[in-house]
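The values are calculated or read from the model by the stated rules, or taken from the named source; none is laboratory data. All values derive from a computational prediction rather than experimental measurement. Note: ideal-geometry Cβ built from the backbone for every residue, glycine included; neighbour counts use all protein chains shown.
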There are 2 protein chains.
Amino acid sequence: MVRPDAPLLTAFDLGVTRGDGCFDTCRVVVEARGKRVDHFEAHLARFSNSAKALGLGPIDLDAWRQLVGQAISAWTLPGEALLKLNLTRGPEYGLRTGPTAFVTIVPMPDAASRLRRGMTAVTLNRAYLSLGFTDSPWLLGGVKTLSYAINMAARREANRRGSDDAIFLSADGCLLEGTTAGLIFAMDDKLWTTPTENSGVLRSITVEAILHEAEREGISVSRAFFTLADLTRLQGLWFASATGVKPVLRVDDTNLPHEPALTHKLAECGGFELG
Amino acid sequence: MVRPDAPLLTAFDLGVTRGDGCFDTCRVVVEARGKRVDHFEAHLARFSNSAKALGLGPIDLDAWRQLVGQAISAWTLPGEALLKLNLTRGPEYGLRTGPTAFVTIVPMPDAASRLRRGMTAVTLNRAYLSLGFTDSPWLLGGVKTLSYAINMAARREANRRGSDDAIFLSADGCLLEGTTAGLIFAMDDKLWTTPTENSGVLRSITVEAILHEAEREGISVSRAFFTLADLTRLQGLWFASATGVKPVLRVDDTNLPHEPALTHKLAECGGFELG
């Protein structure tokens, strides 16, 4: 356990110099009745897959459970927080070798509760074809790597355009994912999300948890690519991640319908209190 | 000045958590007659452009010159070394805010002198169209970011296939660049390199220095995309970076011609001693 300002990684850590590592983010809730980490085992499984894809696995699942347990024990701030698991390839030079592993916890960012009431997005070209990742594991499709510079630049571009966040668009015009969130679409009285196989889109634990629960409650659920032309046919669109379920009220210049009851339902399916 | 094992970055540094920052790598030579950093001002200019593209600029060029001067003064190991300039967006949480800046020097990796005698490469799909970066600055084309996880994974894939390194191929079949090197082609008694505008290919300071000098000596120089079908027409192919000029003797299953005199000439144009 170290203070937030304590230096931890050397100048040679490949997590810094090459973004060579992976992470996963979970929602933590501290209530009077106890603490919980939402969908922790699913996040840990995805984290483990990320590590394997980078040749950093298999990771010691029990050691991570223990480390997270220690962090959660020490975290007492009531309300929501974000827990991050981090694994880098470790220092390229220096006495110590081998991966660097650490977890962090921070309070849920203030922006999250604002965006849960509604957000706007712009679409930005990601330059990949929607099925461009077929048979190309080195492209790290579906791996939550530390190399997020483009995602961060896309969010800054969205902010520059007066929008809250960006949706990546494939070279063939498909809506892929948010910069740090999966997408849930409502259309034809069904819920949809983007195919993750071969598309490079990251599997979203939150989206999967929501759709799984929705399906259990009798709502039809499917996967498909949607294009900009489909926007006018949508009954709703949401960003979903560990930071919440956020209804998208406008994409570029297109206003989208928003049914608060449905947002409430999805949030409930995902285990989120509303902000 | 800190020891190589000294922890330097916090767990919240965006350089670690998001690969959000940039770097540049220069070759250092320590000889009896003195020390030098090859093409330093060109590297510094590219680094400055990277920082600007990330919204981390303008950087204080004189402060960087001074920092590099201090590092070079302290570096006395005879022979070649690699100097890296690093800039991250700094800690997302914690008391200190603002970018993290540091330089490192390490001896030239042993592999460099071996690869300068000849190397093999495989081509790997990069899933981008050759002109996919047009009007998309958020894709950070030409920006040397810290987000190199795919480049590192591609090199590991090449190694797994028994090859030294990988050449990225665009979705439309063009040879783009090495994982950490630019490409120089010899064909039709001219030297060529890949267009960097709109292709996402990083401008290579070493390639540009070599081609500039070659042109000054009367060799024709141009830019074009080449495909796998062009391989059999090549008179030679080289990886070029701060780690040297490396003749590629085989790409996938195609053996390439290699004229050692031309490699020698290119290395000389780049200011490299031969290993």
### Message
I'm trying to understand the selection: among the residues of segment A:67-98, which are among the β-branched types (Val, Ile, Thr), assigned to a helix (DSSP H, G or I) and more than 30 Å from B:Met152 (Cβ to Cβ)?
### Response
A:Ile72
### Query
Which residues, taken from segment A:1-34, are more than 14 Å from chain B (Cβ to nearest Cβ) and either at pLDDT below 95 or not in a strand (DSSP E or B) (or both)?
A:Glu31, A:Ala32, A:Arg33, A:Gly34
### Selection within segment B:111-154 - at the interface with another protein chain (Cβ under 9 Å from one of its Cβ atoms) and touching a strand residue (DSSP E or B) at 6+ places or on another chain (Cβ under 6 Å)
B:Leu124, B:Asn125, B:Arg126, B:Ala127, B:Ser136, B:Trp138, B:Thr145, B:Leu146, B:Ala149, B:Ala154
### Task
Answer yes or no: is there a residue in segment A:232-239 that is within 14 Å of chain B (Cβ to nearest Cβ), among the polar types (S, T, N, Q) and part of a loop (DSSP other than H, G, I, E, B).
no
### Query
When you look at A:Ala171, is it surrounded by fewer than 24 Cβ atoms within 10 Å (Cβ to Cβ), aliphatic (A, V, I, L, M) and either under 21 Å from B:Ile150 (Cα atoms) or more than 9 Å from chain B (Cβ to nearest Cβ) (or both), yes or no?
yes
### Message
Cβ contacts < 8 Å: first residue within 14 Å of chain B (Cβ to nearest Cβ), restricted to segment A:188-208; second residue at pLDDT 95 or above and part of a helix (DSSP H, G or I), any location; separation 6+ or different chain. Result?
### Response
A:Gly200/A:Leu139
### Query
Within segment A:160-187, how many residues turn out to be touching a helix residue (DSSP H, G or I) at 6+ places or on another chain (Cβ under 8 Å) and free of Cβ contacts under 8 Å to residues at least 40 places away in the same chain?
1
### Summary
Restricted to segment B:42-59 and to residues being without any contact (Cβ under 8 Å) to a residue 60 or more places away in the chain and in contact with a helix residue (DSSP H, G or I) (Cβ under 9 Å, 6 or more places away or on another chain), the residue surrounded by the fewest Cβ atoms within 10 Å (Cβ to Cβ) is B:Pro58
### Query
A:Ala101 is checked against (1) small (Gly, Ala, Ser); (2) in a loop (DSSP other than H, G, I, E, B); (3) not assigned by TED's automatic domain parsing to the domain that holds A:Phe225 and fails just one. What number does that condition carry?
(2)
### Count - residues of segment A:75-110 that are free of Cβ contacts under 8 Å to residues at least 12 places away in the same chain, more than 7 Å from every other protein chain (Cβ to nearest Cβ) and of a type in the set (A, V, I, L, M, F, W, C)
0
### Task
Kindly provide the set of residues from segment A:104-141 that are among the hydroxyl-bearing types (Ser, Thr, Tyr) and part of a strand (DSSP E or B), ordered by number.
A:Thr104, A:Thr120, A:Thr123, A:Tyr128
